[in-house]
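Since the structure comes first, as structure tokens, the remarks are kept for the end.
The values are calculated or read from the model by the stated rules, or taken from the named source; none is laboratory data. Keep in mind that this is a model prediction, so the values were computed, not measured. All Cβ positions, glycine included, derive from the backbone under ideal geometry; neighbour counts span all protein chains shown. With ligands, DNA and RNA removed, areas are computed over all heavy atoms of the protein, side chains included. Shrake-Rupley method; radii C 1.70, N 1.55, O 1.52, S 1.80 Å.
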Amino acid sequence: MLGGAVFPKLNWSSPRDASWMAFGNTLKCTAPEDVYLLLKSSDFIVHDLTQPFLFCDHESGGADKEVDIQYDLVLRKWHTIDGVGEFRCFVKDDDIVGVSQRDMSKHHDVIDKSKQDICQDILHFFHSKIQEKFDDDSYVFDVYRTKTGKVYLIDFNPFGPVTDSLLFSWEELQTKLPEEDNTDPNCENPSEALDFRSVPHYSQVLPPAFSRYRVPTDVYDVATGQDPDKLVDFLKLTNEQQKAELSSDDER
């Protein structure tokens, strides 16, 4: 029924941060051990199991109340898709306030050339399939658009910091107001109405989204400067090692 290959996820997240552990750097699983490896190696899965309601405004009765969660392992039939067709759409108060290219590690000329058609197809899909049909009025949804313009829904995500904002920041998304004409799929400039963003130039290509999960946390913190104390300690250690080497040379 699933064709011998599946894409695994729990209730909310898939182990995308652990794909580098698998053969071929992919979430394609053809055996139970492939699924086990990805789930055990993923920080995203650990978050779902230990802090699923982090940053949520309402936690089913309050932050101090224990919530009994029924976890489900979801196995979807594997489909190979071209990353150039993946987009993330941010919905606030039941209107799209932003659309972002999913793969920030690559610039695609075809996206620049087709952005008006892309946004028009996404708007048609949103208004006909999702708007006023989803339980919440602020959320994020991911879609895949084929070369022929057909749009497929991939997944829903919470509207908040637990979801990657990609080419936006959550600060701007949470304060954005929808453009007046972005409710019309036939508006004159849909890419501007939706605030469509893609990687514009090769010089602005970003590192792979999950590269930070391939190295120890300390290494990432030092390299990015996110933890100044670790950087200071690293510089002190380097300085001491250099002094020791110079002292050793002098003694010779």
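A compact table of results
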quantity: Per-residue SASA entry for THR148, accessible area with 1.4 Å probe, Å² rounded to 10; calculated: 130
quantity: Net charge, LEU75 excluded, C-beta distance under 15 Å - Lys, Arg +1, Asp, Glu -1; calculated: 0
quantity: Estimated vicinal HN-Hα couplings, Hz - segment 152-162 in sequence order (Karplus 6.51, -1.76, 1.60; Gly, Pro = x); calculated: 10, 7, 9, 6, 10, 9, x, 8, x, x, 6
quantity: Separation in nanometres of the label points that stand 7 Å from Cα toward Cβ, at LEU237 and LEU153; calculated: 4.9
quantity: Probe 1.4 Å, protein heavy atoms only - accessible area per residue of segment 75-198 in square angstrom; calculated: 52
quantity: q = 0.10, 0.21 Å⁻¹: log10 I(q)/I(0) that the Debye formula gives for segment 100-201, counting C-alpha atoms only; calculated: -0.27, -1.40
quantity: Residue pairs, from the table LYS28/LYS115; LYS40/LYS115; LYS40/LYS106, whose Cα atoms sit over 31 Å apart; calculated: LYS40/LYS115
quantity: Which of PHE141, PHE23 is most accessible, then next, and so on - probe 1.4 Å; calculated: PHE23, PHE141
quantity: Length-normalised contact order for segment 60-161 - Cα pairs under 8 Å, 6+ apart - percent; calculated: 29
quantity: Heavy-atom accessible surface of segment 1-134: percent carbon and sulfur, 1.4 Å; calculated: 51
